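A quick write-up on the structure given underneath.
The values are calculated or read from the model by the stated rules, or taken from the named source; none is laboratory data. Keep in mind the model is a prediction, meaning the values are calculated, not measured. Methodologically, a virtual Cβ is constructed for each residue, glycine included, from the backbone with ideal geometry; neighbour enumeration extends over all protein chains shown.
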Amino acid sequence: MEKLVIGHFYPDLLNLYGDRGNVLALMRRAELRGIEVEVRRISIGDDVKNGDIDIGFIGGGQDSEQNIMAHDMKNVKGEVIKQMIEDGVVFLTVCGGYQMLGKYYEEHDGTRIECLGALPHYTKAEKNRFINDTIYEIETDGKKIKVAGFENHSGRTFLGEGEQPFMKVLKGHGNNGQDGFEGAHYKNTYGTYSHGSFLPKNPVITDMLLSLALKRKYGKDYILSELSTEAEDLARKQAIEYIEGSPTVHE
Ligand code: GLN
């Protein structure tokens, strides 16, 4: 029986809008396929080694929570997380977690939080926040798919050399409200501003992450078995119709 270990980093500090739901979605779609899943909570004071986990998840947090975990992430777990990312461990990081993988996060008053620097992006906060239900587009197997999300951030993120945008913005602001892109992709690591039920709403991304992790662990010929997405597709279609009819807000 296959087994995946999901490492949930800082679940007590970075869990805005139910970001933990992404871990539940990964578990659920793996377990429905008969794959055993273990979830490890990895916060300040917890130990983790490269090789311990197959998928890492880091959620979003407020600036104050990012300030609390920044030291641990940069100075205690930093080297291990960087090694994991370089070795192709699958990571999904959301908002604050995504920002913290980059070089730095500058608050709107100029205070700078030095971040991990595992990825080359940087983030600068403005006073006004981007708060929207969002629609993005990804291309998978040559097909363009609409992805539903929700963003709430004051940070504007600018990608660096060597990382690619994760998705294209169809509605909302994405990374910075300027370049039309959302999130980042480097090796098997993904960053996004989409909070909450990102994976529950978008099973194509859940399955992509599971597939990457299983191929890495059990060989590149591993094929993830088919599993219905009917209920999620119906929910996403309705959400997208609603979002398409709503104005884009810039607070
Ligand atoms: N503090 C960050 C920002 O506002 C992240 C917030 C979040 O995770 N929602 O940009």
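For the stretch 84-99, how many residues meet the condition of being on the phi < 0 side of the Ramachandran plot, within 15 Å of the ligand (Cβ to nearest atom) and outside any strand (DSSP E or B)? Show your work before the answer.
Step one: of the stretch 84-99, the residues on the phi < 0 side of the Ramachandran plot are 84-87, 89-94, 96-99.
With within 15 Å of the ligand (Cβ to nearest atom) added as a condition, the list becomes 92-94, 96-99.
Checking which are outside any strand (DSSP E or B) leaves us with 96-99.
The qualifying residues number 4.
Can you find, within the stretch 5-17, the residue that is modelled with the lowest pLDDT among those that are over 13 Å from the mean Cα position of the chain (by Cα) and within 16 Å of the ligand (Cβ to nearest atom)?
Among residues in the stretch 5-17 that are over 13 Å from the mean Cα position of the chain (by Cα) and within 16 Å of the ligand (Cβ to nearest atom), the one modelled with the lowest pLDDT is TYR17.
When the stretch 64-77 is examined, which residues are found to be surrounded by fewer than 21 Cβ atoms within 10 Å (Cβ to Cβ) and more than 15 Å from the ligand (Cβ to nearest atom)? Spell out the reasoning first.
Let us first name the residues in the stretch 64-77 that are surrounded by fewer than 21 Cβ atoms within 10 Å (Cβ to Cβ), namely 64-65, 67-68, 70-72, 74-76.
Matches in the stretch 64-77: HIS71, ASP72, LYS74, ASN75, VAL76.
Residue by residue through the stretch 178-227, note down the ones that are in a loop (DSSP other than H, G, I, E, B) and touching a Pro at 6+ places or on another chain (Cβ under 9 Å).
Of all residues in the stretch 178-227, those in a loop (DSSP other than H, G, I, E, B) come to 178-180, 183, 187-188, 193-197, 202, 219-227.
Result: ASP179, GLY180, GLY183, LEU227.
Would a scan of the stretch 64-74 turn up a residue that is of a type in the set (A, V, I, L, M, F, W, C) and closer than 21 Å to LEU159 by Cβ? First the steps, then the outcome.
Residues of the stretch 64-74 of a type in the set (A, V, I, L, M, F, W, C): 68-70, 73.
Then drop every residue that is not closer than 21 Å to LEU159 by Cβ, which leaves 70, 73.
For the stretch 64-74, residues of a type in the set (A, V, I, L, M, F, W, C) and closer than 21 Å to LEU159 by Cβ: present.
Just one of (1) within 16 Å of the ligand (Cβ to nearest atom); (2) in contact with a strand residue (DSSP E or B) (Cβ under 6 Å, 6 or more places away or on another chain) trips up ARG20, so point out which.
Failed condition: (2).
Go through the stretch 117-151 and give me each residue that's more than 15 Å from the ligand (Cβ to nearest atom) and assigned to a loop (DSSP other than H, G, I, E, B). Write out each step before concluding.
Narrowing the stretch 117-151 to residues more than 15 Å from the ligand (Cβ to nearest atom): 117-120, 135-148.
Result: GLY117, ALA118, LEU119, PRO120, ASP141, GLY142.
Tell me, yes or no, whether the stretch 152-162 has at least one residue that is surrounded by 20 or more Cβ atoms within 10 Å (Cβ to Cβ), in contact (Cβ under 8 Å) with a residue 12 or more places away in the chain and not in a strand (DSSP E or B).
Taking every residue of the stretch 152-162 in turn, at least one turns out to be surrounded by 20 or more Cβ atoms within 10 Å (Cβ to Cβ), in contact (Cβ under 8 Å) with a residue 12 or more places away in the chain and not in a strand (DSSP E or B).
Any residue in the stretch 76-98 that's among the basic types (Lys, Arg): show its pairings with residues that are within 16 Å of the ligand (Cβ to nearest atom) at Cβ separation under 8 Å, as long as the two are six or more apart or on different chains.
So the pair list comes out as LYS77/PHE9; LYS82/LEU116.
Let's see how each residue does on (1) assigned to a loop (DSSP other than H, G, I, E, B); (2) out of contact with any Leu (no Cβ under 8 Å at 6 or more places or on another chain):
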{"position": "VAL5", "(1), (2)": "no, yes"}
{"position": "PRO11", "(1), (2)": "yes, yes"}
{"position": "LEU14", "(1), (2)": "yes, yes"}
{"position": "TYR17", "(1), (2)": "no, yes"}
{"position": "VAL23", "(1), (2)": "no, yes"}
{"position": "GLU38", "(1), (2)": "no, no"}
{"position": "LYS49", "(1), (2)": "yes, yes"}
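Filter the stretch 163-175 down to residues that are more than 11 Å from the chain's Cα centre (by Cα) and surrounded by 21 or more Cβ atoms within 10 Å (Cβ to Cβ), then give me how many there are. Can you show your working first?
Of the residues in the stretch 163-175, the ones more than 11 Å from the chain's Cα centre (by Cα) are 163-165, 167-175.
Filter once more, so that each one left must be surrounded by 21 or more Cβ atoms within 10 Å (Cβ to Cβ): 167, 169, 172-175.
So the count comes out to 6.
Here are some conditions: (1) in a helix (DSSP H, G or I); (2) within 16 Å of the ligand (Cβ to nearest atom); (3) under 15 Å from the mean Cα position of the chain (by Cα); (4) of a type outside the set (D, E, K, R). GLY61 meets all but one. Which one does it not meet?
Single failed check for GLY61: (1).
From the list VAL80, VAL39, which residue is over 18 Å from the mean Cα position of the chain (by Cα) and either buried (at least 19 other Cβ atoms within 10 Å of the Cβ) or closer than 28 Å to LYS217 by Cα (or both)?
VAL80
Six or more apart or on different chains, Cβ atoms under 8 Å: show the pairs whose first residue is in the stretch 100-115 and assigned to a strand (DSSP E or B) and whose second is of a type in the set (Gly, Ala, Ser).
Taking only residues 6 or more apart or on different chains, the pairs are TYR105/ALA125; TYR105/GLY155; GLU106/ALA125; ILE113/ALA70; GLU114/ALA70.
Between residues in the stretch 1-15 that are among the hydroxyl-bearing types (Ser, Thr, Tyr) and residues that are part of a loop (DSSP other than H, G, I, E, B) and within 14 Å of the ligand (Cβ to nearest atom), which pairs lie under 9 Å by C-beta distance while being six or more apart or on different chains?
TYR10/GLY59; TYR10/GLY61
Restricting attention to the stretch 128-144, does a residue exist that is under 15 Å from the mean Cα position of the chain (by Cα) and over 25 Å from LEU24 (Cβ atoms)?
No - not one qualifying residue is present in the stretch 128-144.
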